[in-house]
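Beneath this line is the structure, given in structure tokens, with notes to follow.
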Amino acid sequence: MKTVFKFLCALTLTVAVALPVLPQNVRAQIYFSVRELLSTQFRASQRVSFVRVRPTAEQRTRIEARLGHPLTRDEYIVYIAATGGHVDGYAVFDAERGQHELIDFASFFDAQGHVTGVEVVQYREPYGDAVRTARFREQFRGRTAQSGFRPGHDIDIISGATISSRSLCVGVQRTAVLIDELAVRTSLAPTASR
């Protein structure tokens, strides 16, 4: 009986000491849903539809050459906001690795491929979430696939969130090039509505 009691006390003490560490390891903050962001960003549009896009081998080669690194996925979902027969804008939800975890983000574009907004959808790291600040995200507004996205040169990075800043630069550049190649240059048409 004494052995069982000692074991339970040791187990309780071990769990009590470990608990403060657990929330940091599994921390994930979801800030927006896809539906919420699309409704807010494209509130003036009559409808928001989406298309699943698989770049052709030729498109993939061109995109990867422009980015300087391979694409991480074979398929992307491009949301298309439209009024009547006119495209109002596009959105892509994507993820880029931070220091250890993925950062989920959304990039929004006008019909010509200019960035109109960037939002962090989910952030999992225990630090570096300063990339959510409007000051940082506003630096992407107006940029296109032809613009510079170099962290520390074209986009100011945030002290204490250096890796996250660099990650979002890579991710937003990727979405800008995807929109340029797969939507703006090809007149992408919607196939489903929200």
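If you go through the stretch 79-97 and keep only what is within 18 Å of residue 32 (Cβ to Cβ) and either surrounded by fewer than 23 Cβ atoms within 10 Å (Cβ to Cβ) or among the aromatic types (Phe, Trp, Tyr) (or both), you end up with 79, 90, 93, 94, 95, 96.
Residues that are out of contact with any Phe, Trp or Tyr (no Cβ under 8 Å at 6 or more places or on another chain), within 20 Å of residue 109 (Cα to Cα), surrounded by 12 or more Cβ atoms within 10 Å (Cβ to Cβ) and of a type in the set (Phe, Trp, Tyr) do not occur anywhere in the stretch 50-69. Looking only at residues in the stretch 120-148 that are out of contact with any strand residue (DSSP E or B) (no Cβ under 6 Å at 6 or more places or on another chain) and among the aromatic types (Phe, Trp, Tyr), the one that is surrounded by the most Cβ atoms within 10 Å (Cβ to Cβ) is 136.
Are any of the residues in the stretch 123-136 of a type in the set (Asp, Glu), part of a loop (DSSP other than H, G, I, E, B) and over 16 Å from the mean Cα position of the chain (by Cα)?
no
For beta carbons closer than 7 Å, sequence separation of 6+ or different chains, a first residue in the stretch 27-41 that is touching a residue at least 60 places away in the same chain (Cβ under 8 Å) and a second that is aromatic (Phe, Trp, Tyr), the qualifying pairs are 29/123; 34/93; 38/79; 41/108.
Only the coordinates and a few stated rules stand behind these numbers; no lab work does. These numbers come from a predicted model, not from an experiment. Glycine also receives a Cβ, built like all others from the backbone with ideal geometry; neighbour counts cover every protein chain displayed.
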